[in-house]
Every structure is written in C-alpha cells, then in structure tokens.
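Colleague: Before we start, here is the structure in question, set down as structure tokens.
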Amino acid sequence: MPQTVAVGVDGSDESVRALRWAADHVRQVGGIVHAIMVWHQPVQFGYRLPTPDSELEQRARTALDTAVDAVRGEFPEVDLRSRLIRGHVVDEIVGLSEQADLLVLGDKGHGAFTGMLVGSVALKLVHHARCPVVVVR
C-alpha cells in the first residue's frame with residue numbers, strides 16, 4: 001500500500017536531509033511525500049515583532065520551495081508536494097500526522113526563523129504524533 005509521508009521542513013540543512021530521506025523511502029515503497037512548513041508571527045516578551053506577515057510568509061515560501069526543488073531534482077520520479085501553513089508548529093504537524101503513515105523530522109532546525117524543529121519542538125512531535133516518527137540525523 002502506498003504511503004503518505006509528512007516531512008517537517010524549515011529550510012535548515014537538517015530538514016532538507018529529512019526531506020531527502022523521505023523521498024528515498026517513498027521511491028522504494030511508493031506513495032506521496034508532503035513537505036510541510038509552518039510559519040507564524042514571532043512574539044518576544046509578549047510583543048509581536050514588527051515584520052509584516054506578508055514578508056514572513058514569503059520568507060517561509062522561499063525556504064520551502066528551495067528545499068523541495070533541491071530534493072525534487074534528485075528524486076524526479078517521487079510525488080513530492082509542498083504545503084505552507086500559518087499556525088503553531090506542534091499543533092499543525094500533530095494534526096497532519098493523523099492522516100500520515102509516517103512523519104519525518106530533522107534533528108535540529110532554525111528555531112528563530114519559523115519555530116520549526118528545535119530540539120524541544122521535535123521532542124514534542126515525537127511524543128504527540130499520531131503516526132510513527134523518523135528523526136533523521
């Protein structure tokens with residue numbers, strides 16, 4: 001049975017490695033890879049930072065597209081789809097894990113950029129995901 005594999009992407013080298021691992025896995029077993037980036041407006045000391053939402057969303061879109069394009073070039077036969085979501089990373093990825101056969105994460109990431117896959121976040125995802133999780137090192 002083809003697999004639905006969700007991959008947390010934040011533009012870091014670690015998340016690109018996770019996406020590459022997922023693409024290779026799906027190439028072998030069949031299925032679809034969903035590269036998922038979650039972005040949000042960062043808050044520090046209770047205040048929103050002055051960066052416009054449109055700029056944050058565009059930065060996230062560019063990072064996601066760059067990662068997906070790099071891996072798609074190596075695995076042209078794999079059905080690789082991207083999805084950009086605004087929200088809280090743990091909540092969004094856990095929700096999507098209910099529809100996935102496998103969740104793939106990098107072991108570190110750009111926490112300040114999108115809040116994605118910093119050690120404690122990856123740990124929360126490992127504990128709360130509704131499907132098996134692979135952490136790529």
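Colleague: Can we say residue 118 is more than 11 Å from residue 9 (Cβ to Cβ), modelled with pLDDT of 95 or more, among the β-branched types (Val, Ile, Thr) and touching a helix residue (DSSP H, G or I) at 6+ places or on another chain (Cβ under 9 Å)? Before you say what the answer is, go through the steps one by one.
Modeller: Values: more than 11 Å from residue 9 (Cβ to Cβ): yes; modelled with pLDDT of 95 or more: no; among the β-branched types (Val, Ile, Thr): yes; touching a helix residue (DSSP H, G or I) at 6+ places or on another chain (Cβ under 9 Å): yes.
Answer is no for this residue.
Colleague: Under 7 Å by Cβ, and 6 or more places apart or on different chains, what pairs join a residue from the range 67-81 that is within 10 Å of residue 20 (Cβ to Cβ) with one that is part of a helix (DSSP H, G or I) and among the polar types (S, T, N, Q)?
Modeller: So the pair list comes out as 67/15.
Colleague: Quick check, is residue 9 buried (at least 18 other Cβ atoms within 10 Å of the Cβ), within 17 Å of residue 134 (Cα to Cα), touching a helix residue (DSSP H, G or I) at 6+ places or on another chain (Cβ under 6 Å) and in contact (Cβ under 8 Å) with a residue 40 or more places away in the chain? Reasoning before the result, please.
Modeller: Details: buried (at least 18 other Cβ atoms within 10 Å of the Cβ): yes; within 17 Å of residue 134 (Cα to Cα): yes; touching a helix residue (DSSP H, G or I) at 6+ places or on another chain (Cβ under 6 Å): yes; in contact (Cβ under 8 Å) with a residue 40 or more places away in the chain: yes.
The answer is yes for residue 9.
Colleague: Just give me the residues in the range 17-57 being touching a residue at least 24 places away in the same chain (Cβ under 8 Å), of a type in the set (Gly, Ala, Ser) and assigned to a loop (DSSP other than H, G, I, E, B), in sequence order.
Modeller: The one that is touching a residue at least 24 places away in the same chain (Cβ under 8 Å), of a type in the set (Gly, Ala, Ser) and assigned to a loop (DSSP other than H, G, I, E, B): 30.
Colleague: Tell me which of these residue 14 doesn't satisfy, since it passes every other one: (1) in contact (Cβ under 8 Å) with a residue 40 or more places away in the chain; (2) of a type outside the set (Lys, Arg); (3) in a helix (DSSP H, G or I); (4) touching a Ser or Thr at 6+ places or on another chain (Cβ under 8 Å).
Modeller: (4)
The values are calculated or read from the model by the stated rules, or taken from the named source; none is laboratory data. Everything quoted here is computed from the prediction, not taken from an experiment. No Cβ is skipped: glycine too gets one built from the backbone with ideal geometry, and neighbour counts run over all protein chains shown.
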